[in-house]
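*Asks:* Encoded as structure tokens, here's the structure I'll be asking about.
The values are calculated or read from the model by the stated rules, or taken from the named source; none is laboratory data. Owing to the predicted nature of the structure, the values given are computational and were not obtained by experimental measurement. Virtual Cβ from ideal backbone geometry, glycine too; neighbours counted across all protein chains shown. Remember, those area values only see protein heavy atoms, side chains included, never the ligands or the DNA or RNA. Shrake-Rupley method; radii C 1.70, N 1.55, O 1.52, S 1.80 Å.
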Amino acid sequence: MSITEMGLQAVRRRIALAAEGAGRRPDSVELVAVTKTFPATVVVEAYGLGQVAFGESYAQEAVEKIAAVRALLERASSSGAYPVNSAVNASAAPAGPPRWHFIGPVQSNKTRLLAEHVDWVHSIDRLKIAQRLSDQRPAQLPELQVCIQVNVSAEGSKGGVQPDGARSLAEAIVALPHLRLRGLMAIPEPTPDGERQRSQFAHLRKLLTQLNSQGMRLDTLSMGMSDDLEAAIAEGATIVRVGRAIFGERV
Ligand SMILES: *Cc1c(COP(=O)(O)O)cnc(C)c1O
């Protein structure tokens, strides 16, 4: 069994156990496999093992990889080895093409690339970026699915809006025509302390509940990575973003 296959199995098992422990259905948590620094061939391998959602942190790398993955899948499909859209092997082949989630900091000179090529952006922390993404989203594509990144650790260096700025940013984003605001994302301060992990995730969950009680309809909490996905799922994560625990250490 390859590293990718073992990693995917192990992470799927961790997600299922954490969900069960929290009294949640395992399929209420979506796994975004974070492939930054890994080549397109690794994405194609994971896709062949049933993984559909992939996460990238650098716009240029993401766009090049998306094109490379599409070319590899088309080649495999035309040779009959690997149908892109139909399930040959129901246990493995995913329904539909890979879906791409951008999870890194968004620079304004990269918004067009993202608007044209990804399905989700998790890391919006200012209105200007959201406006550009909406303006630049091609009309023939579905609305770009977005999350607001919130700084739940009160660290100066981390991206994200301060919690008390989330509401006004959310209200402004909801008014943009080509974006669909799905929820909140956080990258908490890394800590081995499980209680501290949970309290940071709980903070994001409460913020989402608050926005929904003020009339929003947000269904996404993007939180939890290789080292803290259990705590995130216990606090209601609907998307976990996992790299190293699947693919091994990045170089
Ligand atoms: C790299 C990255 C991840 C994945 O981190 P791992 O520790 O490899 O699981 C998740 N979220 C964001 C925003 C990242 O940049």
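*Asks:* Can you list the residues, at least 5 places off or on another chain, whose amide H is less than 5 Å from the amide H of Arg180, using H built in the peptide plane?
*Replies:* Leu144, Gln145, Val146
*Asks:* Given a 1.4 Å probe and every protein chain left where it sits, what share in percent of the accessible area of the chain is carbon and sulfur?
*Replies:* About 52 percent, which is the carbon plus sulfur part of the accessible surface.
*Asks:* Okay, next question. At 1.4 Å probe size, with every protein chain present, just tell me what the per residue accessible area of region 3-247 comes to in Å².
*Replies:* 46 Å²
*Asks:* How big is the dipole moment of the chain about its Cα centre under a simple scheme where the beta carbon of each Lys and Arg is +1, that of each Asp and Glu is -1, and everything else is neutral? Debye, nearest 20, please.
*Replies:* 360 debye
*Asks:* Hey, got the dipole for region 113-198? About the Cα centre, +1 on K and R Cβ, -1 on D and E Cβ, debye to the nearest 20?
*Replies:* My answer is approximately 160 debye.
*Asks:* Towards the positive end of the charge dipole of region 3-247, with charges on Cβ (+1 Lys, Arg; -1 Asp, Glu), say which of Ala67, Ser226, Leu127 has the farthest Cα.
*Replies:* Farthest towards the positive pole: Leu127.
*Asks:* I want to check the label-to-label distance for Lys128 and Glu116. Put each point 7 Å from Cα in the C-beta direction and report it in nm to one decimal.
*Replies:* 2.2 nm
*Asks:* Then there's this: How about Lys65: which lysines have a C-alpha closer than 19 Å to its C-alpha, ignoring those fewer than 8 places off in the same chain?
*Replies:* Qualifying lysines at Cα under 19 Å: Lys36, Lys110.
*Asks:* So what is the relative contact order of the chain, in percent, for Cα pairs below 8 Å that sit 6 or more residues apart? Mind showing how you got there, number by number?
*Replies:* On the way: 469 pairs, mean separation 51.0, N = 251.
Computed over the chain, the figure is 20 percent.
*Asks:* I've got another one for you. Rounded to the nearest 500, what is the 222 nm mean residue ellipticity of the chain from helices alone, with -39500 (n - 2.57) per DSSP H run of 4+ residues and division by all residues?
*Replies:* Rounded to the nearest 500, the figure is -12500 deg cm²/dmol.
*Asks:* With unit charges on the beta carbon (Lys/Arg positive, Asp/Glu negative), name the residue among Leu181, Ala10, Val52 whose Cα is farthest towards the positive pole of the charge dipole of region 3-247.
*Replies:* Among Leu181, Ala10, Val52, the one farthest towards the positive end of the dipole of region 3-247 is Leu181.
*Asks:* PRE reach from Ala95 (point 7 Å along Cα→Cβ): which of region 36-61 fall under 16 Å by backbone N?
*Replies:* The answer is 50-53, whose backbone nitrogens lie closer than 16 Å to the label point.
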